[in-house]
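What follows is a short report on a single structure.
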Amino acid sequence: MNMSYEQSIRIWRSQDYDWTEYPKLAPPAWTNLFRREKLPTTLILSESNQEAVETSISESGDMIVKQSLFTFDYPFTGGFPQDVVVAIESQHKSNPSFVSLTFINPAGEETYLSSFSVTQKTSYYVSQDETLQRKLKSLYPQQVLFSDASASELKPLTGQYQIRVDIVQFEKDANTESKVILHGQVYGWAGTDMRRRDLSLALMWGLPIALAFGLLAVTITSFTTMLIAAIGAWFGGWVDALIQRLTEINMVIPLLPVLAMVAAFYSRSIWLILGATILFNIFGSAIKNYRSIFVQFREQSYIDAARSYGASDWRIIFKYLIPRIFPVLIPQIVVLVPGYVFLETSLALMGLGDPSVPTWGKLLRDAYDNNALIQGHYYWVLEPLALLLITGFGFALLGFALDRILNPRLRDI
């Protein structure tokens, strides 16, 4: 999706985007591949589509009569549309336009829907028209409109349907446009949620956010931890003792509850949580592992040679100690990335993640809050879980491959 990070947040929070054209709780469209009787997809018809809309205009003084006939095919036998929406947008000075709506089925039978005045923007929902519900004797009038009247039970009638929109404008300079939206039962490659939002936005933007969180956390933590371990191993004495005591204290502090407290009592910003994660992982158990390696390197003959020609302590640390550990460090960095991705997801799943950022964990939390599994909306949960598993599996394979390439002891295995 070609949009900025800030724009994606505003769209996901419904600030710069209107999700009313999307169906509610619709599974992905590719699920129709596994159905014998296909569910209807979402269809949007506007007056700019000359092939599907016929428009005629007649004038009488200052009054303009405009008729738009929206024609569409309905080949689906697996169910009825969620809703039929007619969106009207009018531009006028003082006298609002008057609109009349008529539904025509494949047999040519006409059903009067409604008529109303349009101020600026008006959307008519067939499913919410109580007058039409009483007229058709059904709480779901869209099902009656798309059903076969000759059948003993409600069954979709396939064929060509039409919706006629008659608009009367009382000003010559007025401009009234109409649009028909057929909310299907499936949508897109990811589906929609309870608020009609396209889940593909959160799935696509959740990937760079998750990777940014994981890569930044593991890279900064690993290199800082390695540097601190090298300093302690080289200087020894009270410096090494202080680093080891801080590490041992930090190892008994549980990270997840601490991050939960930060999110609950201070801020749930994803970048603040990232900073706290880095801070508490710098003095982790990896310091002891790196220290044991650096202590072995410190006794090597090339270190004595560096000392003999007068190399400074910091030159030895950065030039002769740290580079020797890169073959071990790089694969470990790659393998540790999924752990930090899962950490952010866990916080969001507990309701402690950044509420404004569309992440995989936020999707899982929304699915939990709306009882997605209980109501049968499995795609809402399975899609972010699948991406988490693929991410973890991919980094694990890459890390093992790099370990075989960079680690001299594994090259011949």
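Please go through the range 180-198 and pick out each residue that is on the phi > 0 side of the Ramachandran plot and either assigned to a strand (DSSP E or B) or of a type outside the set (D, E, K, R) (or both).
Within the range 180-198, GLY188, GLY191 qualify.
So THR221 fits all but one of (1) of a type outside the set (A, V, I, L, M, F, W, C); (2) closer than 29 Å to PHE400 by Cα; (3) over 32 Å from the mean Cα position of the chain (by Cα); what number is the exception?
The one condition THR221 does not meet is (3).
Can you go through LEU211, LEU227 and tell me which one is touching a residue at least 40 places away in the same chain (Cβ under 8 Å) and under 30 Å from THR359 (Cα atoms)?
Criteria check complete, one pass: LEU211.
Look through the range 45-71, keep the residues that are of a type outside the set (S, T, N, Q), touching a residue at least 60 places away in the same chain (Cβ under 8 Å) and surrounded by 16 or more Cβ atoms within 10 Å (Cβ to Cβ), and return whichever of them is farthest from LEU199 (Cα to Cα).
ILE64
If the requirement is being in contact with a helix residue (DSSP H, G or I) (Cβ under 9 Å, 6 or more places away or on another chain), under 24 Å from ALA396 (Cβ atoms), assigned to a helix (DSSP H, G or I) and among the charged types (D, E, K, R), which of these qualifies: LYS288, LYS319?
Within the list LYS288, LYS319, the selection yields LYS288.
Checking the structure you have, find out if any residue of the range 369-378 is buried (at least 22 other Cβ atoms within 10 Å of the Cβ) and either in contact with a helix residue (DSSP H, G or I) (Cβ under 8 Å, 6 or more places away or on another chain) or not hydroxyl-bearing (Ser, Thr, Tyr) (or both).
Looking for residues that are buried (at least 22 other Cβ atoms within 10 Å of the Cβ) and either in contact with a helix residue (DSSP H, G or I) (Cβ under 8 Å, 6 or more places away or on another chain) or not hydroxyl-bearing (Ser, Thr, Tyr) (or both), one finds none in the range 369-378, hence no.
May I ask you to list the residues in the range 73-85 that are surrounded by fewer than 16 Cβ atoms within 10 Å (Cβ to Cβ) and either touching a helix residue (DSSP H, G or I) at 6+ places or on another chain (Cβ under 9 Å) or outside any loop (DSSP other than H, G, I, E, B) (or both)?
Listed by number, the residues that qualify are ASP73, GLY78.
Among the candidates SER117, SER123, which residue alone is of a type in the set (Ser, Thr, Tyr), touching a Pro at 6+ places or on another chain (Cβ under 6 Å), assigned by TED's automatic domain parsing to the domain that holds GLN82 and outside any loop (DSSP other than H, G, I, E, B)?
Exactly one residue qualifies, and that residue is SER117.
Quick one: in the range 1-19, which of the residues that are in contact (Cβ under 8 Å) with a residue 40 or more places away in the chain and exposed (fewer than 14 other Cβ atoms within 10 Å of the Cβ) is farthest from ASP83 (Cα to Cα)?
Here the residue is TYR5.
Please tell me if GLU177 is assigned by TED's automatic domain parsing to the domain that holds GLY108, in a loop (DSSP other than H, G, I, E, B) and at pLDDT below 90.
So GLU177 fails the test.
Checking PRO358 against (1) surrounded by fewer than 17 Cβ atoms within 10 Å (Cβ to Cβ); (2) touching a Leu at 6+ places or on another chain (Cβ under 9 Å); (3) not in a helix (DSSP H, G or I); (4) not charged (D, E, K, R): exactly one of these is not met. Which one?
It fails just one condition, (1).
Given the criteria surrounded by fewer than 18 Cβ atoms within 10 Å (Cβ to Cβ), on the phi > 0 side of the Ramachandran plot, free of Cβ contacts under 8 Å to residues at least 12 places away in the same chain and of a type in the set (Gly, Ala, Ser), does GLY159 qualify?
no
On the basis of being crowded, with 20+ Cβ neighbours inside 10 Å and either part of a helix (DSSP H, G or I) or modelled with pLDDT of 90 or more (or both), does ALA212 make the cut?
Considered against the rule, which asks whether it is crowded, with 20+ Cβ neighbours inside 10 Å and either part of a helix (DSSP H, G or I) or modelled with pLDDT of 90 or more (or both), ALA212 comes out as no.
Look through LEU364, LEU385, LEU397 and report the one residue that is loosely packed, with under 13 Cβ neighbours inside 10 Å and assigned to a helix (DSSP H, G or I).
LEU397
From the list ILE228, ILE249, which residue is surrounded by fewer than 16 Cβ atoms within 10 Å (Cβ to Cβ), assigned to a helix (DSSP H, G or I) and modelled with pLDDT of 90 or more?
ILE249
Pull up the range 86-114, narrow it to residues that are of a type in the set (S, T, N, Q) and not in a strand (DSSP E or B), then point me to the one that is nearest to GLN169 (Cα to Cα).
Applying the filter and picking the extreme gives ASN95.
The values are calculated or read from the model by the stated rules, or taken from the named source; none is laboratory data. Small disclaimer: the values here were computed from a predicted structure and weren't measured. All Cβ positions, even for glycine, are placed from backbone atoms using ideal geometry, and neighbour counts span all protein chains on display.
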